[in-house]
1. For segment B:117-126, check the following and say yes or no: at least one residue is more than 11 Å from chain A (Cβ to nearest Cβ), over 30 Å from B:Pro269 (Cβ atoms), among the hydrophobic types (A, V, I, L, M, F, W, C) and touching a residue at least 24 places away in the same chain (Cβ under 8 Å).
2. Can you tell me how many residues within segment B:80-95 are more than 7 Å from chain A (Cβ to nearest Cβ) and in a loop (DSSP other than H, G, I, E, B)?
3. Can you list residue pairs whose Cβ atoms sit under 8 Å apart, with the first residue in segment B:6-33 being over 22 Å from B:Tyr336 (Cβ atoms) and the second being modelled with pLDDT of 95 or more and not basic (Lys, Arg)? Count only pairs 6 or more apart in sequence or on different chains.
4. Conditions first: (1) under 23 Å from B:Leu85 (Cβ atoms); (2) within 11 Å of chain B (Cβ to nearest Cβ); (3) basic (Lys, Arg); (4) surrounded by fewer than 23 Cβ atoms within 10 Å (Cβ to Cβ). A:Lys96 passes all but one, so which condition is the exception?
5. Kindly list the number of the only condition in (1) touching a residue at least 12 places away in the same chain (Cβ under 8 Å); (2) of a type in the set (D, E, K, R); (3) farther than 22 Å from B:Gly274 by Cα that fails for B:Glu132.
6. Please work out if A:Gly62 is within 7 Å of chain B (Cβ to nearest Cβ) and part of a loop (DSSP other than H, G, I, E, B).
Amino acid sequence: MRGQEARDQQLERKAVMATLAQSTGDDIVRLWNEAGLPSEAELLRGPETGLVTVRGRIGGGGAPFNVGEATVTRATVRLASGEVGHCYALGRDKQKAKLAAIADALWQDPTRRNEVETKLIAPLQAALASARERRRAETAATKVDFFTMVRGED
Amino acid sequence: MYVAVKGGEAAIANAHALLADRRRGDRSVPALRLDQIVEQLALGVDRVMSEGSLYDRELAALAIVQARGDMIEAIFLVRAYRTTLPRFGYTRAIDTGAMLVERRVSATYKDLPGGQLLGPTFDYTHRLLDPELAAGGDVAEPLQRASETEAMPRVSAILAREGLIEPDGDMPQDHVPGDITREPLEFPMARDIRLQALSRGDEGFLLALGYSTQRGYARNHPFVGEVRIGEVELELDMPELPFAVPLGTARVTECQMVNQFKGSAKAPPQFTRGYGLVFGQSERKAMAMALCDRALRATEFGEDVVAAAQDEEFVISHSDNVQATGFVEHLKLPHYVDFQAELDLVRRMRAEHDARENGGKMEEKREAAE
């Protein structure tokens, strides 16, 4: 049972990290300032930019192969209260990586989680979801509706 | 004796200053911003990302401006930049089945789950230049249509149900994917390494080779089983975390080419496949890659290797446009000493040739006189 709880919590944390990684640095900074979240933390690593090699699968689902590289910026921070937060995000935005790592650390503190969720993660998630939905609806408008031309008697 | 010649430093510096001036062009025209290039020359940016083998839109846009729009020069700049960064690791393999699809068409099935989604395509346009674009008019927002989130399985999965198509390409369990950025090319090579080389290969080169297979050089009856373009999530395993870290999303283009195969001693009659996967929206490149991938599998299927597109060493050794341009363009660098040596050699050979000719003529005259 404890194991299940820990796994659920890991999934939640992963979803938070995904939201931060997908959001723009501008959006994170704006919400951060509006929420007045603390941006002091000890930098344990980075922020630093490097590469990851992106892998695909042969035929879509077969053996993995290397497609090419992507820039990634990472940061690891420790709060005064001890929580360690990480961020790895595509791109070269160091401020974003640092803030996202702090957000990950704050989220792990049960007394701060709610604030991070409601003031930062939820609005970011809503913006991402609405952008995704818009993209999906725009694509759906280009879906081909086939119809059959009936010719002759029967 | 060796004589070193120095010089040209001032000329080079001035040439680079002139390049900077010409790159900027007429100062009364506003300078391009990178976001303008990212937004409005997006497919050029995608090509630089794909062949530069680095997913980073702003860097690709910077490279395009710095290279004055010379794509191969821009690709070269991006490749050089890559080497300055440390590598954090390899992502988990992306799942194109879970893609947020922006375009998806199949030439083999009309009614496939998820449907035919044309997306932002040049297909069916009339290829007429649009003077309104030159005038810079406003562009209407695209239409939206409510849609249920439908699963969009890859077309290969549909054919697989009947057992009439070969499965996705597998490798032995213990096979570690090869990496051409770490190890030199060796022939023959495994399909995974070939695909890495093709994915960063020159679009024009692969397009010409793919075209050659259609025209009868290594004919293999292709159909586009599916082309899909959209965003996929990237994840990286990190030792400090118990789960794969989400990195964000990247746009890729995937092509599943389906090829007729009449069977051989090695395999029953079935459809075989060529696979293409490239960064960005680049379906011509993904299709050309898939055609080349299939052609290069000739020996795997016991087909005769008779055409350039089937020759692995030929295709892979010449597909990289940074290598190609380096070797071709180096010819314009000073070769004064080499050429001096050749000049001496040709002068000597010519003198010997002339002597032989003249000697022969004298001989003829003597014979005629006798």
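1. no
2. Summing the residues that are more than 7 Å from chain A (Cβ to nearest Cβ) and in a loop (DSSP other than H, G, I, E, B) in segment B:80-95 gives 3.
3. So the pair list comes out as B:Arg23/B:Val65; B:Arg23/B:Gln66; B:Arg24/B:Ala31; B:Leu32/B:Val65.
4. (4)
5. (1)
6. Numbers: within 7 Å of chain B (Cβ to nearest Cβ): yes; part of a loop (DSSP other than H, G, I, E, B): yes.
Answer is yes for this residue.
Yes/no per residue for (1) more than 8 Å from chain A (Cβ to nearest Cβ); (2) in contact with a Gly (Cβ under 7 Å, 6 or more places away or on another chain); (3) surrounded by fewer than 19 Cβ atoms within 10 Å (Cβ to Cβ):
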{"site": "B:Leu164", "(1), (2), (3)": "yes, no, yes"}
{"site": "B:Asp170", "(1), (2), (3)": "no, yes, yes"}
{"site": "B:Asp174", "(1), (2), (3)": "yes, no, yes"}
{"site": "B:Asp179", "(1), (2), (3)": "no, no, yes"}
{"site": "B:Pro184", "(1), (2), (3)": "yes, no, yes"}
{"site": "B:Pro188", "(1), (2), (3)": "yes, no, yes"}
{"site": "B:Ser199", "(1), (2), (3)": "no, yes, no"}
{"site": "B:Gly204", "(1), (2), (3)": "yes, no, yes"}
{"site": "B:Leu207", "(1), (2), (3)": "yes, no, yes"}
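So that you can scan it fast, the table gives a plain yes or no per residue for (1) of a type outside the set (A, V, I, L, M); (2) without any contact (Cβ under 8 Å) to a residue 60 or more places away in the chain:
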site: A:Asp8; (1), (2): yes, yes
site: A:Asp26; (1), (2): yes, yes
site: A:Leu31; (1), (2): no, no
site: A:Arg45; (1), (2): yes, yes
site: A:Arg55; (1), (2): yes, yes
site: A:Val84; (1), (2): no, yes
site: A:Asp93; (1), (2): yes, no
site: A:Lys98; (1), (2): yes, yes
site: A:Pro110; (1), (2): yes, yes
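The values are calculated or read from the model by the stated rules, or taken from the named source; none is laboratory data. Everything numeric in this text was worked out from a predicted model, so none of it was measured. Note that we place each Cβ from the backbone using ideal geometry, even for glycine, and neighbour counts take in every protein chain shown.
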